[in-house]
Amino acid sequence: MQPILLKNGRIIDPVNGIDMVGNLLLHLAKCAQINPSSLPEGTREIDLTGKWVVPGLIDIHVHLREPGEEYKETIESGAQAAAAGGFTAVACMPNTKPVLDSAQMIEAVLSKAQKAACRVYPVGAISSHGQGSTLANMGEMFAAGAVAFTDDGLPVSDSQLMRRAMEYAGNYGVPIISHSEEIGLSRHGSMNEGPMSTRMGIIGIPHAAEEIMVYRDLALAELTGQHVHLAHISTKESVSLIRRAKANGCPVSAETAPHYFSLTEKAVGKYDTYAKMNPPLRMDYDVEAIKEGLQDGTLDVIASDHAPHSDLEKELEFDRAANGIIGLETSLSLALQLVRSNCIDEKKLVELMSSNPAKALGLPGGSLTVGNMADVTVIDPLRQYTYQRDEVVSRSKNSPFLGWNLTGKAVLTIVGGKVTYEDL
Amino acid sequence: MDAEYRFNHKHILSIDDFSTDDLSFIIQTAESFKEISTRSIKKVPTLRGKTIINLFFEPSTRTRLSFEIAAKRMSADTFNISASTSSATKGETLIDTVRNLEAMRPDAIIIRHSSSGSPHMLTRYISSSVINAGDGTHQHPSQAILDMMTVKEKKGHLKGLKVAIIGDITHSRVAHSNIVGFTKMGADVHVSGPRTMVPIGIEDMGATLHRSVADAVSGADVVMGLRIQKERQQDSLIPSLREYAQVFGINSTLMRLAKPDALIMHPGPINRGVEMTAEVADSAQSVILEQVTNGVAVRMALLYLVLGGE
């Protein structure tokens, strides 16, 4: 593998307290040295003046749809979209068809992922077939390479089962990821509940549907002492609950997605199914609270909840259309908007999208420590582009951000010293 | 109304899309068409050569028939399709269905569908006029206009009237379109019903919400009942139809609180003895059947206006 010297970039690595303009040498698939005095023979030198060199971005909430719905996305196409978005690693959710609920399924994903453009860390199901009634073989899945457990896409409605899952996952030191939704309250809902859903005649999903389960899972994390990671947080009160739990020492981490700090329920507009997701887009005050949560560390991670759906699932009546949007390719640009608006600084951005995701699921990566694997993302914070349908790398195109003029993107993605995406 | 006024809408999707001038003009046009239905030969050539498809995904006799009669009285050719809402599971999506119909070059598609917003969606895929004959719990614009026409006919105006709407507000597209329409025309709309059937933010649509039905009806010029779907009891929205009738039903005792000449309205079909007693429904103040008559006139006006008939 050809050594690479990333020259003159602004190297930002919060784990090692680095924020400096310098040269980073990648050699033998590792971060070899900062500002080396000599270079190995055949080193490719890339001038990155004005660009940021950061630890490879990690998206811990991605749906790759393989096996079962390869027409929406595959491990290969999803990984390419990840690379194009600046991600060097993703964690994929188990609600495939069939569900990732056995060692064999985890091994199958890992085997397919060997040739992928980013590292793929499978998350196993909490319950057999994701049906929420009995525990799946979590030990076997952990041994096969599962990095966490969740029934994401659906909540674990049985509180006792959720408690047992946390306790059992504790044997392996991996987190349970909570899809926080009280399904009795959200059932049949298609958007945020409020005056807008009333006017549109759409059944709403109240804030409480999320908050009740956030509270339950915080209580169970306290009870069991086990780490719970709360996925796709969307409401103000959820942020408050997590803030309070963290202050009390509860073992919790939490993520939000770019759409929850970039859009409100107004994006649903004239029944636009590209703005239909679960949890739904919320109100202005929720968006503000999410931003505050990111600022003060209540929310640890920005994850895309990349949920590809083909036009077959989206070109439908609003209440019948599938939930979810793709996000791997827009996540970074939308997060950079937070930096430009002084909501967070560059260091915080890297924490939210690289070091904290690694920490939340106990993954390698997240820093440029010498000797660590050479997973690096280069960001051009000033690059302007229009996000266009025919340029989407993901196999599905379901994004409410199509047509948006965005600023800042990944221009070079390197996984284990190998370039997986380049747009210099 | 401005002398320069022109009706400039290709579709009839929601009352929100119309200005007060638009609504007044539609009602005025309907009033002028009403006379046609009283002739011995109830047909004018206005829409001759126009093709109108009635695409009903939900069972409805009266609205479908009302649109069909309206179209035929204007000499349009009408075709009825009663499609099953499960067509999606049979492999054909609503968009496919409508694209196929569009390929036969209709001038208007009148759609009733259980999904809110489905008429809006269709306008993105086809070039015919789309007329919303009821979409989910969103709106039923032609019903609201015929209700406004009926009240205007009886009271001479809408401005300043107190209109009480009682019952299942959440699931009633009639209530939603009437709240928006009557409010726009200067009436005060007051609603009441079981709190399980009053959606969040109804005040944002312009209605005043009352805990007690009596308060809503008190001093009202118009009292409108809404149909209660019997299956709502299974959804735990009401404990029983009997209790509903006792607490929220419109009866003559309640009507004594309204103005003596208050109109009684209902979009039909009525569950007699549940949302309204037979005595009230059949009383001299009831204009329920006139609503039906005006329905034809309003639909004639809407078809005429969107199809640009000469």
Under 12 Å, Cβ to Cβ, from B:Ser127 - net charge with Lys/Arg +1 and Asp/Glu -1 | +2
Take the alpha carbon atoms of the range A:54-95, find their center, do the same for the range A:160-203, and report the distance between the two centers in whole angstrom.
-> 22
Pairs of Cα atoms under 8 Å, at least six residues apart: use those to get the relative contact order of the range A:271-424, whole percent.
-> 24
Residue list for the range B:285-310, given a label point 7 angstrom along the Cα-to-Cβ vector of B:Leu65 and an amide N cut-off under 19 Å = B:287-300
Of all DSSP beta bridges with both partners in chain A, the antiparallel percent, nearest 5, is 55
What's the extension gain from B:Ser82 to B:Arg99 if we count 0.36 nm per residue and subtract their Cα-Cα distance?
-> 4.5 nm
Measuring from a point 7 Å past the Cα of A:Gln2 along Cα-to-C-beta, which residues in the range A:13-30 have an amide N at less than 20 Å?
-> A:23-30
Once label points are set 7 Å from the Cα along Cα→Cβ at both A:Thr134 and A:Asp296, what is their separation, rounded to one decimal in nm?
-> 4.5
Inter-part gap, Cα centre of the range A:210-262 to Cα centre of the range B:262-277, in whole angstrom, is 49
How far is it, in nm, from the label point at A:Leu223 to the one at A:Gln384 when both lie 7 Å from their Cα along the line to the Cβ?
-> 5.4
Cα gyration tensor category, rounded, prolate or oblate, for chain A with a/c compared to 1.5 = prolate
Please report the relative contact order for the range A:239-319, taking Cα pairs under 8 Å with a sequence separation of at least 6, and give it as a percent rounded to a whole number.
-> 40
Full-extension gain in nm, A:Arg187 to A:Thr407, via 0.36 nm per residue minus C-alpha separation | 75.4 nm
Would you mind giving the mean number of other chain beta-carbons within 10 Å of the Cβ of each residue in A:312-319, as a whole number?
-> 6
Using the Cα gyration tensor of the range A:115-188, with a ≥ b ≥ c the square roots of its eigenvalues, what is the shape: rounded (a/c below 1.5), prolate (a/b larger than b/c) or oblate (neither)?
-> oblate
Length gained if B:Glu290 through B:Lys159 is fully extended, taking 0.36 nm per residue and subtracting the Cα-Cα distance, is 45.1 nm
Going by how many other beta carbons lie within 10 Å of each one, how would you line up A:Ser304, B:Ser115, A:Ser37, fewest first?
-> A:Ser37, B:Ser115, A:Ser304
Which of the GluC sites (Glu not before Pro) across the range B:1-84 are loop residues per DSSP, with 13 or fewer other Cβ within 10 Å?
-> B:Glu4
List the lysines whose alpha-carbon lies under 17 Å from that of A:Lys418, not counting same-chain residues fewer than 8 positions away?
-> A:Lys7, A:Lys30, A:Lys115
Report relative contact order for the range B:1-153 in percent, whole number only (criteria: Cα-Cα under 8 Å, sequence separation at least 6).
-> 27
Treating the beta-carbon of each Lys and Arg as +1 and of each Asp and Glu as -1, no other charges, what is the dipole magnitude of the protein assembly as shown about its Cα centre, to the nearest 20 debye?
-> 1580
Packing rank of A:181-193, B:136-148, where each peptide gets the mean count of other beta carbons within 10 Å, highest leading | B:136-148, A:181-193
Each label point is 7 Å from the Cα along the Cα-to-Cβ direction; what then is the distance between the points at A:Asn248 and A:Glu391, in nm?
-> 4.8
What fraction of the DSSP beta bridges in chain B is antiparallel, stated in percent and rounded to the nearest 5?
-> 5
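Read-outs throughout are calculated quantities, based only on the coordinates presented, and are distinct from any laboratory measurement. Predicted, not measured: the structure shown is a model, and the values here were computed from it. In this analysis, Cβ positions are derived from the backbone assuming ideal geometry, glycine residues included, and neighbour counts consider all displayed protein chains.
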